[in-house]
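The values are calculated or read from the model by the stated rules, or taken from the named source; none is laboratory data. On a predicted model such as this, the values are computed, not experimentally measured, just so you know. A quick note on method: Cβ atoms are made from the backbone with ideal geometry, for glycine too, and the neighbour counts reach across all protein chains shown. Side chains included, ligands, DNA and RNA excluded: accessible areas come from the protein's heavy atoms. Shrake-Rupley method; radii C 1.70, N 1.55, O 1.52, S 1.80 Å.
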Amino acid sequence: MSNRPWRASVAVVALTALLVSGCSGDPERPKPTPSPVGTSAGPSVPPAPPASDPAGRAAALVATLSDEDLVGQVLMPYAYGDSATKVSAGSAAGNQALGGVDTPAEMIAKYRLGGLILVGFSADDPTKGNQETTNVDNPKQVHELTTGLRSAAGRLAAGSAPLLIGTDQEYGVVTRVTDGVTVLPSALAAGAAGDPKLTEAAWRAAGAELAAMGINIDFAPVADVLATRSAVIGSRSYGSDPKQAAAQVGGAVRGLQAAGVAATLKHFPGHGHSADDSHQDLPVLTQSAAALQSGAWPPFTAGMDAGAMAVMSGHLDARAIDPGTPATFSHKLLTDVLRGQLGFKGVVITDGMNMPPAMRWAPGEAAVRALNAGNDLILMTPNVGQAYDGLLAALRGGSLPRTRLVDAVTRVLTMKFQLAELPAAQMSTLNAPAHRAAADALAAAAVTVLRGACGGAVRGPVTVTSSGGRDGTRATLTAALTAAGVQVKPSGGTVVHLVGYGDGAKDLSPDAAITVAMDTPYVLADAKSPRLLATYSSSRASMTALAAVLAGKARPGGRSPVTVPGLPATTCASN
C-alpha cells in the first residue's frame, strides 16, 4: 500500500508560492477534555479496534497514554552494550552519560522509549563518525539483544505496540551486521545491474534475515541521486540518473517490506546533490527548486509509491526552499513539501541528532525543533534525558503543540501495528541458499567492463593485488578464481588489481593488466590497465561474480550508473 495516496507533481509555481508566503508552526489547539470513564453518565469503554486496523489501534492506544508515555514514543536513541540487561562496566558508564541508567533495558523503561537503534561500523564506513559504540556482533547475539529489548518495552503502557528496533543495513560500505548473514552488493551495484526485479528479490531475502534477528525497521534504502562525486554517499546511491535510481529504490522497498521490515528513504531532500558530509558540517544544496524536483526527488516519490513506511530527513541546507535551515528542522521542507506537496503519510525520522548540524542546539531544544518541523521520531539524541525532559517541558509549556505530538505518536504506533501483522522468519533462514542465490544474481548482473574486451577468460595464471588494507578481499577473490578454474600465483601472473572505497590515483598499479573498482568507479579514469572492470562492491557475491567473468564463464552485463570521464558505461555493445 502506497504511503502517497495521490500523485502530486511538485510544481515550481507551488514551491515559489511556498517561499514567498513562508510558514509558521502548527498552532496549538485546545486540549481535548477527557471522557468520563466509570460513571453512569459517561460512555462505556469502546471495544478495541481489530488487529487488521493498525491506525484504529494506534488512535485508541494514544488516547490512553500519559504525557510521559507520549514523549517517550518519539525517541529512538542508541544505547551501549550487546545485551539488554547485562553490560560491561564501560557500557554502563556510557549509558549513564547518555541517560542516567546502566543498561539498554533500563533506558527503555525510564524513558518509555518508542524504539532503539543498533549501531556499529566497519573500516570503510563513511558514517562511523557518529557511531559512538557498537552493539552488533553476530546474528545470535543480535537476536538475544532484540528479544531482551522487546521484553523490556512490553511492560510499558504502549507495550502492545512492538518496540521499533532499527539499524543501518544498507549493504556495501554501510552494513551493521556482516557475519552469518546474506550480504548484498552495494546499491550502486544494483544500479549497474539495472533490474529492479533482481533488487527486489535480494532485498526480500535480506529483509527476512533482519526480521529473523528481531530488527523491524531498516534505515535503507538510500534514495539520494548521486549528482556529485560525494564520498559520503558514493556507492550507497543507486546512481546518477533519477529515473533509473527511482526504479531501484522502489524494488528495494517492496522487497524489504514484504519481509516485514519497514523501509526508510534517506536522506530527504537529497544528500547526493552535495559533495559535503553532514557527519562533519552542514552541506548546502545550491540547486533550484525545479532542479531538486526533477533531479533529487523521483527516487523518494517512487519509494513512497512502493509503500515506504518512513522517510529520513537529512541535515541539508536546501537554499532554494529554506535557506540556512537544515532540512531536519525545516517546516517548509518536511511539512509543506514532503507532506503537503509530495503527499507522504508515513513516519518522518531525523538523521542522527548527534551529528554536528543538529548539535547547534541543546538536545532538548533540538528535539522540540525537529518535532515541530514535522519529524515523528528523534534518532540518536546525544543525551536521552535532556531530550526527554525538553520535549516534556515544551509540551506542558505550549511550545510543542499537543496536536503535533499526538499526530507523531499516532503515526509511529500505526507503523508498529502494521509491522506486527507479519510473522518474522526463523533464524534458520539466515544465509540460506536461496538468499545467497538472490544476492549472487544481483552481483553477477552488476559486473561492468569499461575498457577492453567485453568477455573472454584472462590469459594465463593470475596474481591478485590490491590497495592497502584489503587482504580479506584478495583472499576471497583468490578462492573464487581457484574455484572457477583459474590458477592464482603469489607473483608473476597476470596482475588483477583491486581498488575500493576511498582509493585514488595513488592506489592504482601501473603493472596491472586488469584494474577492478569495488566502489564508485571514478578512479578508473586514471587507470592505465588495458582492461577495466567494476563490481561496485567487495562482497563475497561480487568477488564470486568477478571470478566468473575473469574465468570466461559469465558475460559482464552491467552498465556504470555514473559517468566516468573518458570511459563508456560499458564496452559490451548490446548492453
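Considering each of GLY340, GLY352, GLY346, GLY398 in turn, give the residue that is among the small types (Gly, Ala, Ser) and over 24 Å from the mean Cα position of the chain (by Cα).
GLY398
Within region 332-357, how many residues are closer than 20 Å to LEU265 by Cα, out of contact with any Pro (no Cβ under 7 Å at 6 or more places or on another chain) and either of a type in the set (Val, Ile, Thr) or in a helix (DSSP H, G or I) (or both)?
The qualifying residues number 13.
With respect to the numbered conditions (1) open to solvent by less than 40 Å² (accessible area, probe 1.4 Å); (2) in a loop (DSSP other than H, G, I, E, B); (3) among the aliphatic types (A, V, I, L, M), which one is the sole condition not fulfilled by LEU498?
For LEU498, the exception is condition (2).
I need every pair where a residue in region 149-164 that is under 14 Å from THR410 (Cα atoms) has its Cβ under 6 Å from the Cβ of a residue that is open to solvent by less than 30 Å² (accessible area, probe 1.4 Å) and basic (Lys, Arg), sequence separation at least 6 or different chains.
Final answer for the pair search is ALA161/LYS416; PRO162/LYS416.
With the structure loaded, tell me whether ASP440 is outside any helix (DSSP H, G or I), touching a helix residue (DSSP H, G or I) at 6+ places or on another chain (Cβ under 9 Å), open to solvent by less than 60 Å² (accessible area, probe 1.4 Å) and among the acidic types (Asp, Glu) or whether it fails that test. Steps first, answer last, please.
Working: outside any helix (DSSP H, G or I): no; touching a helix residue (DSSP H, G or I) at 6+ places or on another chain (Cβ under 9 Å): yes; open to solvent by less than 60 Å² (accessible area, probe 1.4 Å): yes; among the acidic types (Asp, Glu): yes.
No; evaluated as a whole, the condition is false for this residue.
Mind telling me which of the residues VAL488, VAL523 ends up being open to solvent by 20 Å² or more (accessible area, probe 1.4 Å) and not aromatic (Phe, Trp, Tyr)? Show your work before the answer.
Working: VAL523 fails: open to solvent by 20 Å² or more (accessible area, probe 1.4 Å).
Going through VAL488, VAL523 in turn, the sole match is VAL488.
Would you pick out the residues in region 403-422 that are farther than 18 Å from ILE378 by Cβ and under 22 Å from the mean Cα position of the chain (by Cα)?
Hits for region 403-422 are PHE417, GLN418, LEU419, ALA420, LEU422.
Residues are listed down the side, and each one gets a yes or a no for (1) crowded, with 17+ Cβ neighbours inside 10 Å; (2) basic (Lys, Arg); (3) free of Cβ contacts under 8 Å to residues at least 12 places away in the same chain:
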| residue | (1), (2), (3) |
| --- | --- |
| LEU75 | yes, no, no |
| SER83 | yes, no, no |
| GLY90 | no, no, yes |
| GLY94 | yes, no, no |
| GLY100 | no, no, no |
| PRO104 | yes, no, no |
| MET107 | yes, no, no |
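Just to verify a result, which residue in region 184-202, among those that are touching a Lys or Arg at 6+ places or on another chain (Cβ under 8 Å) and under 14 Å from ALA439 (Cβ atoms), is most open to solvent (accessible area, probe 1.4 Å)? Full working, then the answer.
Looking only at region 184-202, we keep the residues that are touching a Lys or Arg at 6+ places or on another chain (Cβ under 8 Å), and these are 186-188, 192, 194, 200.
Pick out the ones that are also under 14 Å from ALA439 (Cβ atoms) and you get 186-187, 200.
Details: SER186: 2, ALA187: 9, GLU200: 43 Å².
Here the residue is GLU200.
Tell me, which residue of region 385-410 that is of a type in the set (Lys, Arg) and open to solvent by less than 50 Å² (accessible area, probe 1.4 Å) is nearest to PRO54 (Cα to Cα)?
Only one residue tops the list, namely ARG404.
Considering every residue within region 161-173, establish whether at least one is of a type in the set (A, V, I, L, M, F, W, C), touching a Ser or Thr at 6+ places or on another chain (Cβ under 9 Å), assigned to a helix (DSSP H, G or I) and open to solvent by 10 Å² or more (accessible area, probe 1.4 Å).
Looking through region 161-173, none of the residues is of a type in the set (A, V, I, L, M, F, W, C), touching a Ser or Thr at 6+ places or on another chain (Cβ under 9 Å), assigned to a helix (DSSP H, G or I) and open to solvent by 10 Å² or more (accessible area, probe 1.4 Å).
Among the residues of region 411-426, how many are open to solvent by 50 Å² or more (accessible area, probe 1.4 Å) and at pLDDT below 95?
Looking only at that region, the number is 6.
Need the failing condition index for VAL449 against (1) over 26 Å from the mean Cα position of the chain (by Cα); (2) part of a loop (DSSP other than H, G, I, E, B); (3) farther than 30 Å from ARG112 by Cα, just the number.
(2)
Take ALA208 and tell me if it is open to solvent by less than 10 Å² (accessible area, probe 1.4 Å), under 23 Å from GLY307 (Cβ atoms) and either not in a strand (DSSP E or B) or not small (Gly, Ala, Ser) (or both). I'd like the intermediate steps shown before the answer.
Details: open to solvent by less than 10 Å² (accessible area, probe 1.4 Å): no; under 23 Å from GLY307 (Cβ atoms): yes; either not in a strand (DSSP E or B) or not small (Gly, Ala, Ser) (or both): yes.
Considered against the rule, which asks whether it is open to solvent by less than 10 Å² (accessible area, probe 1.4 Å), under 23 Å from GLY307 (Cβ atoms) and either not in a strand (DSSP E or B) or not small (Gly, Ala, Ser) (or both), ALA208 comes out as no.
For region 532-539, state whether one or more residues are within 30 Å of ASN431 (Cβ to Cβ) and either touching a Cys at 6+ places or on another chain (Cβ under 7 Å) or open to solvent by 10 Å² or more (accessible area, probe 1.4 Å) (or both).
Applying the first criterion (within 30 Å of ASN431 (Cβ to Cβ)) to region 532-539 yields 533-539.
Right, trim to either touching a Cys at 6+ places or on another chain (Cβ under 7 Å) or open to solvent by 10 Å² or more (accessible area, probe 1.4 Å) (or both) and you get 538-539.
Yes - at least one qualifying residue is present in region 532-539.
If you go through region 433-455, how many residues are touching a residue at least 24 places away in the same chain (Cβ under 8 Å), out of contact with any Pro (no Cβ under 9 Å at 6 or more places or on another chain) and of a type outside the set (Gly, Ala, Ser)?
Residues that pass the stated criteria total 3.
Yes or no: SER560 in a loop (DSSP other than H, G, I, E, B) and either buried (at least 24 other Cβ atoms within 10 Å of the Cβ) or touching a His at 6+ places or on another chain (Cβ under 8 Å) (or both)?
Considered against the rule, which asks whether it is in a loop (DSSP other than H, G, I, E, B) and either buried (at least 24 other Cβ atoms within 10 Å of the Cβ) or touching a His at 6+ places or on another chain (Cβ under 8 Å) (or both), SER560 comes out as yes.
Any residue in region 249-269 that is at pLDDT below 95, farther than 18 Å from ASN375 by Cα and among the β-branched types (Val, Ile, Thr)?
No, region 249-269 contains no residue that is at pLDDT below 95, farther than 18 Å from ASN375 by Cα and among the β-branched types (Val, Ile, Thr).
Please go through region 356-384 and pick out each residue that is open to solvent by 10 Å² or more (accessible area, probe 1.4 Å), within 20 Å of VAL119 (Cα to Cα) and touching a Leu at 6+ places or on another chain (Cβ under 9 Å).
PRO356, PRO382, ASN383
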